[in-house]
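To keep things clear, I will list the structure first and then write my remarks on it.
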2 protein chains.
Amino acid sequence: MNEQDFLAGYDPRDYPAVAVTVDVVALTIREGALHLLLIRRGAPPYEGHWALPGGFIRPDEDLLAGARRELAEETGLGGERLDRVHLEQLGSYGAPDRDPRMRVVSIAHLAFAPDLPDPVADTDAADAIWLPVTALPNRQLAFDHGRIIDDGLERARSKLEYTPLATRFLAPEFTVTELRAVYETVWGEPLHAGNFHRKVLSVPGFVESTGASTERGGPRGGPRARLYRPGTARLLHPALLRS
Amino acid sequence: MNEQDFLAGYDPRDYPAVAVTVDVVALTIREGALHLLLIRRGAPPYEGHWALPGGFIRPDEDLLAGARRELAEETGLGGERLDRVHLEQLGSYGAPDRDPRMRVVSIAHLAFAPDLPDPVADTDAADAIWLPVTALPNRQLAFDHGRIIDDGLERARSKLEYTPLATRFLAPEFTVTELRAVYETVWGEPLHAGNFHRKVLSVPGFVESTGASTERGGPRGGPRARLYRPGTARLLHPALLRS
DNA sequence: GGAATAGTGTCTGTAAGACAGTATACG
DNA sequence: CGTATACTGTCTTACAGACACTATTCC
């Protein structure tokens, strides 16, 4: 049976329901460590387990809009701060048995956020926090969220290679050293400061100078650093590749 | 309202139905040109328009398995030939108005196939063919399938850069020249024969020699070419980048 | 002053592209 | 034999990584 015949005789009540949810792997950097937004489930199944923020798609809502709404609800943030969060589709997860109650297909999304306030646990969630990814309780994650998180982290590492999205983890103006810290944190490996500096400035459209510098040097000495803002490029040519 | 409360009180009959379909952007190379598998719709909406093969996900079927089944149904191919087809998830398309009848979220997939027989139009489709992508009737495509195809083609071009999946367009044994033809066809640009040859053989795990050569030289002269099969690498290091 | 950091200069190894050249096979 | 093609050699250029160095700022 193909699509049009299926639909021609289709009545939702005749078929097993399929639910569509949107989930969000939201990443941020706090105190030099990569953090992930998680909520603790307050009801079965997986009661007390950590899970990704997410929920059912609403009837007249686009997938990306649904993910943005879920993110807003879980972080308690309004439009302004959320505009600075990068959001993209990650992938869909629809194994028949991934939810014990019914067939649920989840459209997972990936978010890069600047340092945001602590999330406000919504009335139904037991808790909501930014958790360091190094402290992920892999055995206590609900559903297949462990796998979704793994995929999201790998996608994030890969995205930093060929897009300028690392800037989305930072304030609107930043130094090259701060940008390097983002790469080192997400990739989990130290980078050569001098070479990174030259490379970033040589890629067209990655960053553009504001003309200004930081008010002070580093806390343990060093000159003031120049400030940059994100450039206009959407892809990096050439890319910054991991080793 | 969050997920668990929603589900606790959830009855599919109380909510607007959401349908989940799988669609496939299936690519192959025929006579030196990139072709796409399309079906012609035999019923409204978009009757007579070309569309991607696809259909509703079945209750106990994984997303990828659904895409493989749809591909099998539309091409009329059994398991053996289909095993050589690369299939991966492309992305999800869920704009609220993308289907005029109801809310449909489609999980699109991307397939790389070796040269296959002509598809067998299934009883419900008016037609099914491999169509050259240069002849795509952009204004006659059903739903948002034009956009899905664009995304699929760009993904395909990108995948050839950093994966050895170009070999999936070829027979189990192939020459370097045949492999180069795949790149030239998908990227739409000529490549330097000598440099491509050296590059392919220098990337670890891209191809491995069979020890054998072709039976004959080229139709217009030239030595016999050595035969290779796909190597064990799943990613190319370093990558073959487009210019 | 001592130490740490921002930013630049320079050298080296690697890899890609341009080009040329050789051997092999078809007609 | 002429020509097309498979494959290899070599040169040049671009870029990444290692290292060194200077200038600036904090304590």
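The values are calculated or read from the model by the stated rules, or taken from the named source; none is laboratory data. From a predicted model like this one, the values you see are computed outputs, not experimental measurements. Note that we place each Cβ from the backbone using ideal geometry, even for glycine, and neighbour counts take in every protein chain shown. Keep in mind that these areas ignore ligands, DNA and RNA; they rest on the heavy atoms of the full protein, side chains included. Shrake-Rupley method; radii C 1.70, N 1.55, O 1.52, S 1.80 Å.
Figures for the structure shown
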{"item": "Sole residue being on the phi < 0 side of the Ramachandran plot, outside the structural domain of residue A:68 (by TED's automatic domain parsing) and open to solvent by 40 Å² or more (accessible area, probe 1.4 Å), chosen from A:134, A:177", "result": "A:177"}
{"item": "Test: residue in segment B:106-120 that is at pLDDT 95 or above, polar (S, T, N, Q) and in contact with a Gly (Cβ under 9 Å, 6 or more places away or on another chain)", "result": "yes"}
{"item": "Hits in segment A:195-243 (condition: loosely packed, with under 14 Cβ neighbours inside 10 Å and among the β-branched types (Val, Ile, Thr))", "result": "A:210, A:232"}
{"item": "Within segment A:32-61, tally of residues that are among the basic types (Lys, Arg) and open to solvent by less than 20 Å² (accessible area, probe 1.4 Å)", "result": "1"}
{"item": "Check on residue A:182, open to solvent by less than 30 Å² (accessible area, probe 1.4 Å) and either in contact (Cβ under 8 Å) with a residue 60 or more places away in the chain or under 14 Å from the mean Cα position of the chain (by Cα) (or both)", "result": "yes"}
{"item": "Subset of segment A:103-144 (residues that are within 14 Å of chain B (Cβ to nearest Cβ), among the hydroxyl-bearing types (Ser, Thr, Tyr) and either free of Cβ contacts under 8 Å to residues at least 24 places away in the same chain or over 22 Å from residue A:58 (Cα atoms) (or both))", "result": "A:123"}
{"item": "Every residue from segment B:65-114 that is in a helix (DSSP H, G or I), β-branched (Val, Ile, Thr) and over 14 Å from the mean Cα position of the chain (by Cα)", "result": "none"}
{"item": "Qualifying positions in segment B:194-213 - touching a residue at least 24 places away in the same chain (Cβ under 8 Å) and either near DNA strand D (Cβ under 8 Å from one of its atoms) or within 14 Å of chain A (Cβ to nearest Cβ) (or both)", "result": "B:201"}
{"item": "Lone qualifier among A:235, A:227 - being of a type in the set (A, V, I, L, M, F, W, C) and more than 14 Å from DNA strand C (Cβ to nearest atom)", "result": "A:235"}
{"item": "Matching residues in segment A:188-209 - criterion: being within 12 Å of DNA strand C (Cβ to nearest atom) and among the β-branched types (Val, Ile, Thr)", "result": "A:200, A:207"}
{"item": "Near pairs, Cβ below 6 angstrom, 6+ apart or cross-chain, from segment B:227-243 (of a type in the set (Ser, Thr, Tyr)) to any residue that is within 12 Å of DNA strand D (Cβ to nearest atom)", "result": "B:228/B:207; B:228/B:209"}
{"item": "Check on residue A:29, within 13 Å of another protein chain (Cβ to nearest Cβ) and either open to solvent by less than 20 Å² (accessible area, probe 1.4 Å) or among the β-branched types (Val, Ile, Thr) (or both)", "result": "no"}
{"item": "Hits in segment B:58-102 (condition: of a type in the set (A, V, I, L, M) and modelled with pLDDT of 95 or more)", "result": "B:63, B:64, B:65, B:67, B:85, B:87, B:90, B:95"}
{"item": "Residue match in segment A:143-153 (condition: within 16 Å of DNA strand D (Cβ to nearest atom) and in a helix (DSSP H, G or I))", "result": "no"}
{"item": "Given (1) part of a loop (DSSP other than H, G, I, E, B); (2) in the same structural domain as residue A:39 (by TED's automatic domain parsing), number of the condition residue A:190 does not satisfy", "result": "(2)"}
